[in-house]
Amino acid sequence: PKGQGLTWLTYEKSRPVIVDEYDQHPSAAPEWSASGLHAFMCVPIMAGEKRLGTLALYNRTPQKKFNQRDVSLIEALAQEVAVSIQNARLFVALQKELAEHKQTQDRLEILVHELEAKNAELERFTYSVSHDLKSPLVTIGGFLGFLEADIQKGEIQRIETTISRIREAAKKMQRLLDEILELSRIGRLINPPTENPFGEL
């Protein structure tokens, strides 16, 4: 338990504790003393200055005592445990980072596909618009040729008809340009969502 016993003392002080009779130590936990512990040894599990835990050993035979050689062995084992814990934590962190990287890569791939689709759509739209805008220009160009011929011949009636056709072609082009501008504005408008009964739909 936190704040109690020799295990906590080892963790708190970050240094080994070794006793021949557990219950004789002032920090001994009463429930552990009552369980019949005799020799007790505990070493901290450290990663640099960071405490990760403790490694405790004990026995219930009064004649068995821990010596300095036992402490050295358990300290070496605790060091290996600390390295293993650190490696496991690094592995988990790396796995998390790789998963996040994969998610970012997947999102990027989706965005690239969306961009490619939008570019293809824009290309089709541009082709369609340029084709539609050429029509009035071709009309205007053709009737300008007729107009020149009519002016040279002095055919006033045909001149008025030709000018009227040129004017109509110009109006058509203006209408097309206005519609393109309107279409571009519609693409930026977002209507608020509304509920509609599925039956009616």
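Table: residues versus (1) basic (Lys, Arg); (2) surrounded by fewer than 17 Cβ atoms within 10 Å (Cβ to Cβ); (3) at pLDDT below 90.
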{"residue": "ALA28", "(1), (2), (3)": "no, no, yes"}
{"residue": "MET41", "(1), (2), (3)": "no, no, no"}
{"residue": "ILE45", "(1), (2), (3)": "no, no, no"}
{"residue": "LEU55", "(1), (2), (3)": "no, no, no"}
{"residue": "ILE74", "(1), (2), (3)": "no, no, no"}
{"residue": "GLU80", "(1), (2), (3)": "no, yes, no"}
{"residue": "GLN86", "(1), (2), (3)": "no, yes, no"}
{"residue": "LEU94", "(1), (2), (3)": "no, yes, no"}
{"residue": "LYS102", "(1), (2), (3)": "yes, yes, no"}
Restrict the check to the range 92-102 and report whether at least one residue is in contact with a Lys or Arg (Cβ under 7 Å, 6 or more places away or on another chain) and hydrophobic (A, V, I, L, M, F, W, C). no
Mind counting the residues in the range 53-78 that are closer than 18 Å to TRP8 by Cα and not acidic (Asp, Glu)? 9
Residue selected from the range 30-39 under the condition open to solvent by 20 Å² or more (accessible area, probe 1.4 Å) and out of contact with any Pro (no Cβ under 6 Å at 6 or more places or on another chain), by the criterion nearest to GLU80 (Cα to Cα): TRP32
Taking only the range 57-72 into account, find how many residues are part of a helix (DSSP H, G or I) and surrounded by 11 or more Cβ atoms within 10 Å (Cβ to Cβ). 3
Could you tell me which residue of the range 5-19 is farthest from GLN79 (Cα to Cα), considering only residues that are in contact with a Pro (Cβ under 9 Å, 6 or more places away or on another chain) and either outside any helix (DSSP H, G or I) or hydrophobic (A, V, I, L, M, F, W, C) (or both)? TRP8
In the set ILE151, ILE190, ILE110, ILE166, which member is open to solvent by 70 Å² or more (accessible area, probe 1.4 Å), touching a helix residue (DSSP H, G or I) at 6+ places or on another chain (Cβ under 8 Å) and without any contact (Cβ under 8 Å) to a residue 40 or more places away in the chain? ILE151
Selected residue [in contact with a helix residue (DSSP H, G or I) (Cβ under 6 Å, 6 or more places away or on another chain) and open to solvent by 100 Å² or more (accessible area, probe 1.4 Å)] from ARG158, ARG124, ARG185: ARG158
Test for TRP8: is it touching a strand residue (DSSP E or B) at 6+ places or on another chain (Cβ under 9 Å), modelled with pLDDT under 90, open to solvent by less than 100 Å² (accessible area, probe 1.4 Å) and among the aromatic types (Phe, Trp, Tyr): no
Out of PHE146, PHE125, report the one residue that is assigned to a helix (DSSP H, G or I), at pLDDT below 85 and either at negative phi or over 44 Å from the mean Cα position of the chain (by Cα) (or both). PHE125
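The values are calculated or read from the model by the stated rules, or taken from the named source; none is laboratory data. What you see is a predicted model; the values in this text were computed from it and never measured. Ideal geometry is used to build each Cβ from the backbone, glycine not excepted, and the neighbour counts take in all protein chains shown. Heavy atoms of the whole protein, side chains included, go into the accessibility calculation; ligands, DNA and RNA do not. Shrake-Rupley method; radii C 1.70, N 1.55, O 1.52, S 1.80 Å.
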